[in-house]
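For reference, the structure is listed below as structure tokens.
The values are calculated or read from the model by the stated rules, or taken from the named source; none is laboratory data. All values reported here derive from a predicted model rather than from experimental measurement. We place every Cβ from the backbone using ideal geometry, glycine too, and count neighbours over all the protein chains shown. Keep in mind that these areas ignore ligands, DNA and RNA; they rest on the heavy atoms of the full protein, side chains included. Shrake-Rupley method; radii C 1.70, N 1.55, O 1.52, S 1.80 Å.
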Amino acid sequence: MKMKVFICCLFVIANISNNGKASVDSPVSYTANVLEDTLKNSEKCYRPCKFNVKPKRCHYKFNIEPSIGDNKFPISINGIAPGPPIYACVNDVIVVEVTNRIPGQSIAVHWHGVEQRGTPFMDGVPMVTQCPVEYGTTYKYLFVASSPGTFFYHADSVAHQSDGVYGLLVVNQPQPLEPHASIYDFDRGNENSLLIGAKFPVPLTGSLEDTSQIQPNALVINSDEETTKLFVLPGYAYRLRLINAVAIECPVTINIDSHDLMIIATDGKPVKPVMTHNVQLYPGERMDVVVRMSQSSGGYWVRARGADSCAGLTATAMLLYSGFNYTSMLLDKQNDPRQHQDTDIDLTINGQMLESSKNTKDASHSPEVKSVYLSIDKNVVNVKDNDFRYISDAIPKKPYYPAPMFLKDNGVVQINGKSFLYPNAPILLQPKDVREDLICNVGEEGSQLEAQCIQILNAVQGETMELVLVNEGFGGNDSYTFHMHGFSMQVVSTWRHPHHHPLTREEVMRMDEEGRIVRNLKNPVNKDTITIPNKGFMIVRIALDRGGSWLLECRSCGLSLPAAVIIQVPLTIPKDVSESLHKCGSYRPPDVLLN
Ligand SMILES: *[C@@H]1O[C@H](CO)[C@@H](O)[C@H](O)[C@H]1NC(C)=O
Ligand SMILES: *[C@@H]1O[C@H](CO)[C@@H](O)[C@H](O)[C@H]1NC(C)=O
């Protein structure tokens, strides 16, 4: 086993040192050919996955650029938004050459849920795992599809993602390895995936306005140009992949008229199957469901309904039995778009209600864990005008955002009373270049006077870390959705105050000391995207078996200032790899230049 991992990583490293450098491209005009190639290529690694065959190299070119035309997502990849889907088999190498053609913007692309084994510098977080991809340059991402499951990719920036920079990523494995393969007859990720996004009335990228109050005005399933159609045969069971690819607080509930859903996986990991009518997905969450085609013919609506920032928004797809003429359905829909809407809330299942399909092996004597308690809450930050933009040479989450304009009134979601600051140099690659005075280690925030700092949680490789995430609820009534980069977390406890009282981190620590918190160590669900209930907490465990700088970030905390911490697991990057990786940061002339 050890040997196999070693070989895989050498292979990856060899390729990076040849091709990993960012380069400046000459301007090229892209024609319809590129789009055609993209669509053709996106299918090229789609195939039944087999044992004992050589993995493929799945090569994509992404040109990210402003879109032309009304009513479209403002940014597209190769002319389409969402971007081209990526399909692979486990162990395939995925190569994506990302070229940034958005004037005045730098970007990075995150592969949501991908573990990045051996390639922590391909995780796509600017100034954490890589240098931002500047306008006119190309960054070649290269990583192994090491785990099967339903994933997606998106721009790290909330604004870019909201403007259309996201797409599907499905990794398959040989069918006998699928734990729930006996439950379904068809698993066609390329035809049976529903990627849900939200469209905004104005572009968010580059906006100088306070975009935090701008709500989306449409939900989109797969494409905004045509209704997605799922063609099915009666009596058979199909595996569908559902993805909430929205970048703001926008939970989406999905049902299919006259059909039941059986949940078999979430965030790429199998769960104990559960039957329901509705599934609810928070931003960044995925669920795989099996639908048995229990009707004999006809057409049925697949309905997605938004809540919170997406309240009132709906989108539909069609489930069509073979031979059914769906024209009448479209006419029907115009007459009454909400007919048959399933509002059976009792039968709505969300990710935290699930259990793993496998029992944890050593449940009786669980590994030694260190608990770290984090308080999360919305706070009103006292800032002098313009402080935030000029606090340092680091970049905020949303470039150019004049945060102080509204911070005073609305407050921002913070972890341990601080807002996250992106480092001034990529901390994974150039730790020595990161300004120490901007860092605040978790637990020692008191010594940092600034409201915004690079929040770091230092860890040791091999340890299992337990995070007790307390959503205190003094400053707000929202639940918050967090995404862990690189790792699946075991969700061992979720709790909400029964009388909706705000609670402090210290109160939760006391509850824990007094043994009043129950942990499920037997079959906790594995997730990379979690929602921490307001006036409650969630406890997760992460087995940190790999070095890297891994972001745990809120994906629903608004557009102003990020709420995140970097889980820093020491890593020595081989010299040839580190030399091949693009460098960036501030320039300060050495004294020799001044003599
Ligand atoms: C489908 O139905 C529409 C309207 O009812 C009709 O005009 C059309 O010819 C039908 N198409 C087929 C292929 O039967
Ligand atoms: C939270 O909800 C409570 C009770 O409904 C309400 O009194 C309070 O104003 C709300 N807080 C915020 C920040 O909206």
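Amide H to amide H distances under 5 Å link I567 with L457, W550, L551, L552, where only residues 5 or more positions off or on other chains count and H is placed in the peptide plane. On a per residue basis, segment 178-355 carries 40 Å² of accessible surface, using protein heavy atoms and a 1.4 Å probe. Projecting label points 7 angstrom from Cα along Cα→Cβ for R496 and V274 puts them 1.3 nm apart. Each label point was placed 7 Å from the Cα along the Cα-to-Cβ direction; for Q461 and T572 their separation is 0.9 nm. Volume of the convex hull of segment 178-355 (Cα atoms only), normalised per residue: 126 Å³.
Once the mean of 1/r is taken over each pair of separate Cα atoms and inverted, segment 43-152 shows a Kirkwood hydrodynamic radius of 15.0 Å. Here the calculated FRET efficiency for N190 and Y587, from their Cβ-Cβ distance with R0 = 51 Å, stands at 0.65, rounded to the nearest 0.05.
Dipole magnitude for segment 363-593: about 560 debye, using +1 per Lys or Arg Cβ and -1 per Asp or Glu Cβ, origin at the Cα centre.
Lysine pair count for segment 178-355 (Cα-Cα distance under 27 Å; residues 8 or more apart in sequence or on different chains): 4. In this simple spin-label approximation, L331 and N410 carry label points 7 Å from Cα along the Cα→Cβ vector, and these lie 4.5 nm apart.
Stokes-Einstein, applied to the Kirkwood radius of segment 223-276 over Cα pairs at a viscosity of 1.306 mPa s and 10 °C, places its translational diffusion at 115 µm² s⁻¹.
State which entries of K361/K418; K370/K535; K370/K583 exceed 29 angstrom in Cα-Cα distance in the structure shown. Listed pairs above 29 Å: K361/K418; K370/K583.
Restriction of the chymotrypsin sites (Phe, Trp or Tyr not before Pro) in segment 423-509 to DSSP coil positions whose beta-carbon has at most 15 other beta-carbons within 10 angstrom yields F474. Temperature 4 °C, viscosity 1.567 mPa s: under these conditions the Stokes-Einstein estimate for segment 498-595, based on its Kirkwood radius over C-alpha pairs, is 70 µm² per second.
On the accessible surface of segment 178-355, probed at 1.4 Å, how many percent belong to carbon and sulfur atoms? For segment 178-355, the apolar C and S fraction of the accessible surface comes to 49 percent.
Atom-type composition of the exposed protein surface of segment 363-593 places 50 percent of the accessible area on carbon and sulfur (1.4 angstrom probe). In this structure the amide hydrogen of F152, modeled in the peptide plane, comes within under 5 Å of the amide hydrogens of H112, L169, none closer than 5 places in sequence on its chain. Segment 110-245 gives an Rg/Rh value of 1.02, both radii derived from C-alpha positions and Rh following Kirkwood. Here the 3J(HN,Hα) profile of segment 104-114, calculated from phi with Karplus coefficients 6.51, -1.76 and 1.60 at θ = phi - 60°, is x, 10, 10, 9, 7, 10, 9, 9, 5, x, 6 Hz, Gly and Pro shown as x.
Run the numbers for K361 and Y321: contour at 0.36 nm per residue of separation, minus the present Cα-Cα distance, in nm. Stretched fully, the K361-Y321 segment lengthens by 10.1 nm. Positive contributions from Lys and Arg (+1) and negative ones from Asp and Glu (-1), summed over other residues with Cβ under 9 Å from the Cβ of I243, come out at +1.
Derived value for segment 363-593: Kirkwood hydrodynamic radius 18.9 Å. Basis is the mean of 1/r over every pair of different alpha-carbon atoms. Computed extension gain for A181 through E368, at 0.36 nm per residue and net of the alpha carbon distance, reaches 63.8 nm.
In segment 225-316, one over the average inverse separation of all distinct C-alpha pairs is 13.9 Å, which is the Kirkwood hydrodynamic radius.
Give the percent of DSSP beta bridges with both residues in segment 363-593 that are antiparallel, rounded to the nearest 5. Close to 70 percent. Full extension of the chain between R516 and K54 gives 161.2 nm of extra length, using 0.36 nm per residue less the Cα-Cα distance. Counting only residues 5 or more places away or on other chains, whose amide H sits under 5 Å from the amide H of Y60 once H atoms are built in the peptide plane? Residues meeting the criterion, in which the H sits 1.01 Å from N, are V95, V96, E97. The phi torsions of segment 238-250, fed into the Karplus equation with coefficients 6.51, -1.76 and 1.60 and a -60° offset, translate into couplings of 10, 8, 10, 10, 10, 9, 8, 9, 7, 9, 10, 5, 8 Hz, rounded to whole numbers, with Gly and Pro shown as x.
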